[in-house]
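One structure below.
Any read-out appearing in this document is the output of simple, stated calculations on the displayed coordinates, not a laboratory observation. Just so you know, these numbers come straight off a predicted model, no measurement behind them. Heads up, the Cβs are rebuilt from the backbone with ideal geometry, glycines too, and the neighbour counts pull from every protein chain shown.
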């Protein structure tokens with residue numbers, strides 16, 4: 001039995017950390033490592049290969065609202081168990097790729113399963129367990145995303161260099177089965193009351209909100225999804241979290257070849273990718289804590305602003321030292337986006353419709369990331385350089401900042417103003 005002096009929610013945080021480790025390290029951080037080997041083996045151009053990740057991100061985004069509703073009906077634990085089984089199988093199936101259409105199809109199935117143990121279910125679960133320190137708990141759990149990039153991406157790069165990319169996918173699939181399944185089965189619990197506990201901070205869980213009756217509880221706990229979706233503020237934030245992930249993923253998913261274009265080796269670029277992801281862990285912790293104590297708009301400004309500076313710096317650097325400056329700055333600020341996305345729902349509209357609203361915003365995140373990933377490959381194929389794509393992404397961050405500020409302050413944005 002866990003130590004009674006330690007709130008069980010922190011064990012949930014640890015379990016979510018491991019799930020995010022697999023979700024990110026296996027799901028999308030490693031993809032950049034496979035671009036060049038797959039290009040060499042099959043002769044597919046980078047735009048075609050990049051489209052695979054775009055399909056992955058779009059499918060994962062569309063599954064966000066679906067996972068949100070399934071979690072509301074069956075609970076996070078059941079959804080995570082089923083998706084862990086499916087994700088492991090899909091990783092193994094990727095290793096059998098011979099045709100581009102098959103690659104696209106299996107990656108779409110992979111997205112539908114991997115995302116079922118990723119940010120949407122993890123954030124919904126932690127919102128059920130934490131109240132006062134929700135931002136901190138979410139930040140700690142989502143550091144698993146950075147750890148996946150820091151540890152798993154270089155490991156995948158090494159395995160790929162020695163045994164080939166097909167072996168890497170088989171090993172990733174086995175890791176998902178061996179880590180995710182026991183963690184979900186033995187540690188994850190949907191609600192504190194299943195263990196005779198209450199949420200940290202004494203607040204009410206998301207499930208408790210859904211079951212609460214009465215107009216007072218309804219108003220105190222948040223806004224209904226239908227009402228929120230009719231507000232200008234929601235769609236301003238939707239645009240913001242489309243553009244920022246578009247720029248972020250457009251850079252991140254091509255970071256290895258981007259760095260190689262500065263004259264660095266593939267191995268060096270893979271290590272830099274791991275550093276970017278690792279520093280992102282510090283960013284997740286920092287931005288999660290900032291969101292608990294600072295005005296949300298200024299946290300967004302810092303997060304997106306640092307990414308603009310990083311992208312512009314990458315455009316001008318041609319030295320190993322410059323690559324490390326970029327990797328640290330971009331990694332730190334990039335870590336904030338994935339933490340701030342789920343937290344923005346509670347800050348602006350409460351927890352009544354948390355799963356549904358987060359699922360809709362996850363669509364923006366996914367479609368943005370898919371667009372950026374594909375655009376980077378397309379621009380490279382057209383021009384032989386990533387420079388024009390980087391200028392486009394810097395501009396996208398600026399518009400994302402403006403859109404977020406146009407949404408207004410959280411307390412006011414959740415009000416009745418609509419189109």
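Quick rundown of the values:
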| read-out | value |
| --- | --- |
| Ordering of 158-171, 50-63, 28-41 by burial proxy (mean other Cβ atoms within 10 Å per residue, highest first) | 50-63, 28-41, 158-171 |
| Taking 145, 6 and counting other C-beta atoms within 10 Å, the order from fewest to most | 6, 145 |
| The chain: angle of helix 266-293 to the longest principal axis, Cα-based, in degrees nearest 10 | 20 |
| Largest-first principal axis extents, alpha carbons of region 319-368, Å | 49, 21, 11 |
| Exposure proxy ranking, count of Cβ atoms within 10 Å, fewest first, for 102, 11 | 102, 11 |
| Dimensions in Å of region 1-81 - Rg and Dmax from alpha carbons | 18.0, 58 |
| Extension gain from residue 298 to residue 178, taking 0.36 nm per residue of separation minus the Cα-Cα distance | 39.1 nm |
| Inverse of mean 1/r across different Cα pairs in region 1-46, Kirkwood, Å | 13.4 |
| Helix 232-252 vs. the chain, principal-axis angle (Cα, 0 to 90°, nearest 10) | 30 |
| Contact order normalised by residue count of region 82-159, Cα under 8 Å, 6+ apart, percent | 27 |
| Sorted by Cβ density within 10 Å, fewest first, the residues 193, 292 | 193, 292 |
| Principal axes of region 259-350: Cα extent on each, largest first, Å | 48, 21, 16 |
| Region 24-125: translational diffusion in µm²/s, Stokes-Einstein, Kirkwood Rh over Cα pairs, 20 °C, 1.002 mPa s | 153 |
| Residue-averaged [θ]222 nm for the chain, counting only DSSP H segments that reach four residues, each worth -39500 (n - 2.57) | -25000 deg cm²/dmol |
| Packing rank of 182-190, 370-378, where each peptide gets the mean count of other beta carbons within 10 Å, highest leading | 370-378, 182-190 |
| The chain: relative contact order in percent, alpha carbon pairs under 8 Å with at least 6 residues between | 28 |
| Euclidean distance of C-alpha centroids, region 21-76 and region 329-358, integer Å | 20 |
| Distance cut-off 26 Å, percentage of C-alpha pairs in region 225-381 lying past it | 29 |
| Rg over Rh [alpha-carbon atoms, Kirkwood Rh] for region 105-207 | 1.06 |
| C-alpha center-to-center spacing [region 368-386, region 258-299] in angstrom | 21 |
| Kirkwood Rh, Cα atoms: Rg over Rh of the chain | 0.96 |
| Residue of 192, 76, 154 that the Gaussian network model of the chain assigns the largest fluctuation, springs spanning Cα pairs under 10 Å | 192 |
| Principal-axis tilt of helix 31-42 within the chain, Cα atoms, nearest 10 degrees | 40 |
